[in-house]
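Heads up, the thing below is written out as structure tokens.
The values are calculated or read from the model by the stated rules, or taken from the named source; none is laboratory data. Given the structure is predicted, the values throughout are model-derived calculations rather than measurements. A quick note on method: Cβ atoms are made from the backbone with ideal geometry, for glycine too, and the neighbour counts reach across all protein chains shown. What goes into the accessible areas is simple: the full protein's heavy atoms, side chains included, and nothing from ligands, DNA or RNA. Shrake-Rupley method; radii C 1.70, N 1.55, O 1.52, S 1.80 Å.
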Amino acid sequence: MKLYHHPLSGHSHRARLFVSLLGLPHELVEVDLKSGAHKTPEFLKLNPFGQVPVLEDGDVVIADSNAILVYLAKKAARTDWLPEDAKGSAAVQRWLSVAAGEVAYGPAAARLITVFGAKYNPEEVIGRAHALLRKLESQLTDHDWLVGDRPTIADVAIYSYVARAPEGNVDLSTYPAVDAFLRRIEALPGFVPFVQTPVGLAA
């Protein structure tokens, strides 16, 4: 398997983290976003949307980080990470939707301002981030994991951008349950860290 990624992309880290947690052999292929490598004809054949990550598994190509999580869990037959029962599967999907929605438009967007110079309204996206964090804090106050009593791909999908939310000026200090959740993810065998962004990169 080849995983096309960029080290500062939280979506990429989401996929890289899970393939590592599963212990699956893979090759990392870094895509130089700054030079526009994700917009070349070669890369657009893999993902017409011109985004990382992309997983290439033989003749199977999967784009989109959440789709990659589902594919890997199914390929490895890991029903512990992705339950097959209707209730468990739906509960995981709910959080994958949160990762694609509230996370993307909250902490991820706030970080895009400082890391990549994105033209979002800081007050608006930081406000969204805190609205999400309050919901996560409530969910995790009495639960170690987002779904059930063990980690699932729901937790993997939420982790990366929440862990690096402070890079987007989103303070995590008032969310102790969220912080404990992040530490539990980081203690999992096979965990790989999401690199901290160099200071002043956006400039």
Inset, instruction - Count, please, the residues in region 76-108 that happen to be touching a residue at least 60 places away in the same chain (Cβ under 8 Å) and hydrophobic (A, V, I, L, M, F, W, C). - result: 9
Inset, instruction - Please name all residue pairs, on different chains or six or more residues apart, with Cβ atoms under 7 Å, provided the first residue is in region 109-121 and is among the β-branched types (V, I, T) and the second residue is open to solvent by 50 Å² or more (accessible area, probe 1.4 Å). - result: I113/Y120; I113/P122; T114/N169; V115/L201
Inset, instruction - Scan region 2-44 for residues that are touching a Gly at 6+ places or on another chain (Cβ under 8 Å) and touching a residue at least 40 places away in the same chain (Cβ under 8 Å) and jot them down. - result: S20, L21, L22, G23
Inset, instruction - List the helices (runs of 4 or more DSSP H) that sit entirely inside region 23-131 and contain at least 2 residues that are open to solvent by less than 40 Å² (accessible area, probe 1.4 Å) and farther than 22 Å from P7 by Cβ. - result: 86-98
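Condition check ((1) in contact (Cβ under 8 Å) with a residue 24 or more places away in the chain; (2) at negative phi) across all residues:
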{"position": "H143", "(1), (2)": "no, yes"}
{"position": "G148", "(1), (2)": "yes, no"}
{"position": "T152", "(1), (2)": "yes, yes"}
{"position": "N169", "(1), (2)": "yes, no"}
{"position": "A177", "(1), (2)": "yes, yes"}
{"position": "R183", "(1), (2)": "no, yes"}
{"position": "E186", "(1), (2)": "no, yes"}
{"position": "T197", "(1), (2)": "yes, yes"}
Legend entry - Pairs where the first residue, in region 57-75, is on the phi > 0 side of the Ramachandran plot and the second is modelled with pLDDT of 95 or more, C-beta under 6 Å, 6+ apart: none
Inset, instruction - Considering only residues that are acidic (D, E) and closer than 25 Å to L69 by Cα, look in region 132-181 and name the one that is surrounded by the fewest Cβ atoms within 10 Å (Cβ to Cβ). - result: D149
Inset, instruction - For region 1-32, name all the residues that are touching a strand residue (DSSP E or B) at 6+ places or on another chain (Cβ under 7 Å), closer than 16 Å to A63 by Cβ and charged (D, E, K, R). - result: K2, R16
Legend entry - Of all residues in region 1-22 being assigned to a loop (DSSP other than H, G, I, E, B) and open to solvent by 30 Å² or more (accessible area, probe 1.4 Å), the one that is modelled with the lowest pLDDT: P7
